[in-house]
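This report concerns only the one structure given below.
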């Protein structure tokens with residue numbers, strides 16, 4: 001009896017083992033690939049996306065705290081958006097694109113509206129020139145002294161205008177955008193880019209100046225990745 005049971009059990013165990021091995025294991029789902037460029041721009045699965053309805057300080061921009069201390073508010077906005085995207089998988093809705101071929105979208109992380117959160121936390125402005133979607137959040141942030149509203153900050157659109165005017169007086173024919181060629185390709189730098197001051201243009205090497213971002217893009221240059 002013992003030998004019969006032993007002979008019967010062995011094939012059964014073998015079949016169970018084969019069955020376990022043969023059952024397909026569930027594939028691991030990779031989370032969306034997200035890279036934050038600045039306080040209002042991110043790259044989602046390789047696609048450059050502009051958070052619609054908001055405008056965050058430029059990376060090169062500085063502001064003042066409530067005590068008058070200078071800090072890099074543009075970098076702070078980027079880091080804040082990075083922290084928000086870590087809450088969960090990031091998804092974006094929106095089909096329109098802007099003049100720079102970025103998709104205009106409302107993005108979410110773990111169900112939280114990132115556009116709205118950036119304004120409510122005082123890390124970005126409601127871009128009222130184009131949308132009043134987050135006007136209420138901005139007013140609340142201002143009254144509570146959140147983020148940028150705790151100290152003194154120049155609105156990013158005014159900061160860009162100031163940089164453009166200052167750089168335009170020194171650039172050839174008043175065209176201040178620098179079209180640089182490097183190992184990373186053809187990259188253009190606006191006057192408010194953090195790399196602008198240290199970028200040198202060698203026209204004999206094919207580098208050039210542009211009068212607008214549209215012109216630079218049409219010529220085959222791209223904005224920096226960060």
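The values are calculated or read from the model by the stated rules, or taken from the named source; none is laboratory data. This one's a predicted model, so the numbers in the text were calculated from it and none came from an experiment. Don't worry about glycine lacking a Cβ; one is built from the backbone with ideal geometry, like all the others, and counts go over all protein chains shown.
Note on region 85-103: among residues that are within 18 Å of residue 127 (Cα to Cα) and under 12 Å from the mean Cα position of the chain (by Cα), the one that is surrounded by the most Cβ atoms within 10 Å (Cβ to Cβ) is 102. The single condition from (1) within 27 Å of residue 221 (Cα to Cα); (2) touching a residue at least 60 places away in the same chain (Cβ under 8 Å); (3) in contact with a strand residue (DSSP E or B) (Cβ under 6 Å, 6 or more places away or on another chain); (4) surrounded by fewer than 17 Cβ atoms within 10 Å (Cβ to Cβ) that residue 82 fails is (2).
Is it the case, given these coordinates, that residue 61 is closer than 30 Å to residue 162 by Cβ, modelled with pLDDT of 95 or more and crowded, with 17+ Cβ neighbours inside 10 Å? Yes, satisfied. Per this entry, residue 134 is not counted among residues that are touching a residue at least 40 places away in the same chain (Cβ under 8 Å), within 18 Å of residue 62 (Cβ to Cβ) and in contact with a strand residue (DSSP E or B) (Cβ under 8 Å, 6 or more places away or on another chain). Of all the listed residues (122, 94), the sole one being within 18 Å of residue 46 (Cβ to Cβ) and modelled with pLDDT of 95 or more is 94.
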